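Just below is one structure, and these are the notes that go with it.
The values are calculated or read from the model by the stated rules, or taken from the named source; none is laboratory data. Fair warning: this is a prediction, and the values are worked out from it, not measured in the lab. Note: ideal-geometry Cβ built from the backbone for every residue, glycine included; neighbour counts use all protein chains shown. The protein model used for the area step is the full one, side chains on, heavy atoms only, and it has no ligands, DNA or RNA in it. Shrake-Rupley method; radii C 1.70, N 1.55, O 1.52, S 1.80 Å.
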Number of protein chains: 2
Amino acid sequence: MQVVKELDYVPNLVAQRLSTGRTLTIAVIVPFFTTPSVTERLSGVVRTLAKSEYDLVIHNIEEPEQRTDCFRTIPRQERVDGALIISISPTDEEVPLLAEAGVPIVLIDMHHPALGMLHQVAVDDIAGGKLVTDYLIKLGHTKIGIVSDPIDNPFGFTASRDRAFGYRWALEAAGIPYRPEYYENSYGRQEARESARKLLTLPERPTAIFASSDMQAVGVLEAARQLGLRIPQDLSVVGYDDVEIADILGLTTMRQMLYESGQRGVELLLETLENPETEPVYEVLPTELVIRNTTAPPS
Amino acid sequence: MQVVKELDYVPNLVAQRLSTGRTLTIAVIVPFFTTPSVTERLSGVVRTLAKSEYDLVIHNIEEPEQRTDCFRTIPRQERVDGALIISISPTDEEVPLLAEAGVPIVLIDMHHPALGMLHQVAVDDIAGGKLVTDYLIKLGHTKIGIVSDPIDNPFGFTASRDRAFGYRWALEAAGIPYRPEYYENSYGRQEARESARKLLTLPERPTAIFASSDMQAVGVLEAARQLGLRIPQDLSVVGYDDVEIADILGLTTMRQMLYESGQRGVELLLETLENPETEPVYEVLPTELVIRNTTAPPS
DNA sequence: CTGTTAGCGCTTTCAT
DNA sequence: ATGAAAGCGCTAACAG
């Protein structure tokens, strides 16, 4: 020990890894990590993992091909001890690949029929979408538009689709007919602005719009402003996620536990790493409607 | 090759690393990576590095001790081939440690007297601060407040200090006396709101406030709204960074090349990795004043 | 040009 | 208890 200090000796990590077979590294696969909601989840991952002995290598997915690449190569090569996948759904062919990769994998913000093979930390987006729509209906709205991510997307995002499903469910339960012209598909703020403009220039325009994310809600708000509509008197807007911008703008939104989803994902992964016999867990995190200043009864 | 495919053989990365001495891994050290401006820089790093063969391991710093830990352990243990350090200044004792770690290191958003030892991709924050203040002065303001990060902070951030320096320089150049009561220290949005409240309830309140980041500017805007001040008639506000929120709120701000700083940092690192003889580079990225709706002549 | 072997730096097992 | 040696899976240098 004396000599260790004298020579300032530090064990070589790579040799340790080869010898023990543990890489002490975890991979996280995230789509578009600059998106505030994704960053927040990632933050839960990073901060929780920082307390452990594991390193975190990050793989950002912005092209569909990157996704496939990742799913194929990451869990192999014995380069990581485990992986977290955020918001991206593996295809049916990819699931067995992942499950048989030999390392524990946790799906965050994603539920997949491959239950019993992978840990999953999900959110009930159908219930979330229904809750939002129920609230708007309770306020007295019947002409409710929705701006959602494209249902068929190359990344396998499912959150928006589920929220839209909840929306239709709520409508049906209230006996309000579903109007296809009130349904718009688009990604992100800019596109949502265009979608909202279409919605708001309809002959019989909606009195409320449910946006599938807070950033999309911002786009809706901008379109409304451009058209001279007052919020919330002329138009109610609800977002989803409750990221900081929602608080800043006073946006009514559905809060989900973004940070906690990352945290919980890491906890599950670390547990499984310690005890490989751990049964795969399927957890659903709660959501909560946060009412601010962008919603009111229709005038 | 036939057999390779038949057996579905994949080389073991860890063994490769031990054998070649290359880890094919790069570390990035970032403070508070959920901050939008930091995420944007990180995005430049991630996307540029994705094209290379290197993995990225991320170390988030939220406590001063983590910083010291990182600087000591990361470049040792032969666990990474290089490192990027974002916005955090090494102390004078830490610089030699880093430089002698044997791996190339690039400082992003940071200039350090240890020139000639490390690559640096910096921004001229003094000039930026001066430009903002000059603009306010040109509009006719003489009572100009400033909300800045604490100058002495445990992380070694220097950007805010430099911007404040530029502010004083501009004042001096215009012959406007510096008033200490117009200078407030605080981190982030919430604290900035309190700082702005102090400034705006002064007997002779400022007619313009220069915030050291866009998030701090949001806090200033909120304080102004709470006090019933109209923007920009009663108060001009300027931010710094030009993150998305600035665009959304129509905030006048100083744009810096966040994404590009990360990109350039990675490029420099990769070049040095290929050719270790590369001379350390000191680059300064440009800034640009983006005028929107939160600034006007004093009424 | 193909085939063999030493060695990367550690852990772990086995013998002393 | 302490010490020697085998082996993790690859690369690179070497000999055939």
Residue that is surrounded by the fewest Cβ atoms within 10 Å (Cβ to Cβ) [pool: residues in the stretch A:175-199 that are away from chain B (no Cβ under 14 Å) and in contact (Cβ under 8 Å) with a residue 40 or more places away in the chain]: A:LEU199
Go through (1) touching a strand residue (DSSP E or B) at 6+ places or on another chain (Cβ under 7 Å); (2) at the interface with chain A (Cβ under 7 Å from one of its Cβ atoms) one by one and return the number of the condition B:THR34 breaks. (1)
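Among the residues of the stretch B:37-54, count how many are more than 9 Å from chain A (Cβ to nearest Cβ) and either within 16 Å of DNA strand C (Cβ to nearest atom) or open to solvent by 30 Å² or more (accessible area, probe 1.4 Å) (or both). Before the answer, list the steps.
The first filter runs over the stretch B:37-54 and keeps only residues more than 9 Å from chain A (Cβ to nearest Cβ), leaving B:37-38, B:41, B:44-45, B:48-49, B:51-54.
So of that shortlist, the ones also either within 16 Å of DNA strand C (Cβ to nearest atom) or open to solvent by 30 Å² or more (accessible area, probe 1.4 Å) (or both) come out as B:51-53.
Number satisfying all stated conditions: 3.
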Kindly indicate the residue of the stretch B:20-31 that is more than 9 Å from chain A (Cβ to nearest Cβ) and within 16 Å of DNA strand D (Cβ to nearest atom) and also surrounded by the fewest Cβ atoms within 10 Å (Cβ to Cβ) among those meeting that condition. B:THR20
Sole residue being out of contact with any Phe, Trp or Tyr (no Cβ under 6 Å at 6 or more places or on another chain), assigned by TED's automatic domain parsing to the domain that holds A:SER212, surrounded by fewer than 23 Cβ atoms within 10 Å (Cβ to Cβ) and hydroxyl-bearing (Ser, Thr, Tyr), chosen from A:THR91, A:THR158: A:THR158
On the given criteria, is B:GLU63 within 20 Å of the chain's Cα centre (by Cα) and more than 16 Å from DNA strand C (Cβ to nearest atom)? yes
Got a sec? Which of B:VAL57, B:VAL80 is open to solvent by less than 40 Å² (accessible area, probe 1.4 Å) and either away from DNA strand C (no atom under 16 Å from the Cβ) or more than 13 Å from chain A (Cβ to nearest Cβ) (or both)? B:VAL57
Mind checking which residues of the stretch B:4-29 are more than 37 Å from the chain's Cα centre (by Cα), more than 9 Å from DNA strand C (Cβ to nearest atom) and of a type outside the set (A, V, I, L, M, F, W, C)? B:LYS5, B:GLU6, B:ASP8, B:TYR9, B:PRO11, B:ASN12
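State whether one or more residues within the stretch B:39-55 are under 14 Å from the mean Cα position of the chain (by Cα) and either over 20 Å from B:PHE155 (Cβ atoms) or in a strand (DSSP E or B) (or both).
Yes.
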Please give the number of the condition B:TYR9 fails out of (1) part of a loop (DSSP other than H, G, I, E, B); (2) without any contact (Cβ under 8 Å) to a residue 12 or more places away in the chain; (3) within 8 Å of chain A (Cβ to nearest Cβ). (3)
Could you grab me the full set of residues in the stretch B:271-282 that are surrounded by 16 or more Cβ atoms within 10 Å (Cβ to Cβ) and not aliphatic (A, V, I, L, M)? B:THR272, B:PRO280
Residue match in the stretch A:102-111 (condition: closer than 24 Å to A:GLU283 by Cβ, within 16 Å of DNA strand D (Cβ to nearest atom), within 14 Å of chain B (Cβ to nearest Cβ) and buried (at least 19 other Cβ atoms within 10 Å of the Cβ)): yes
A:ILE248 passes all but one of (1) in contact (Cβ under 8 Å) with a residue 24 or more places away in the chain; (2) outside the structural domain of A:THR35 (by TED's automatic domain parsing); which number fails? (1)
Does any residue of the stretch A:172-183 turn out to be of a type in the set (Ser, Thr, Tyr) and under 19 Å from A:LEU139 (Cα atoms)? yes
Going through the stretch A:60-77 one residue at a time, which ones are within 9 Å of chain B (Cβ to nearest Cβ), surrounded by fewer than 20 Cβ atoms within 10 Å (Cβ to Cβ) and of a type in the set (S, T, N, Q)? A:GLN66, A:THR73, A:GLN77
On the basis of being open to solvent by 20 Å² or more (accessible area, probe 1.4 Å), of a type in the set (Gly, Ala, Ser), free of Cβ contacts under 8 Å to residues at least 24 places away in the same chain and more than 16 Å from DNA strand D (Cβ to nearest atom), does B:ALA15 make the cut? no
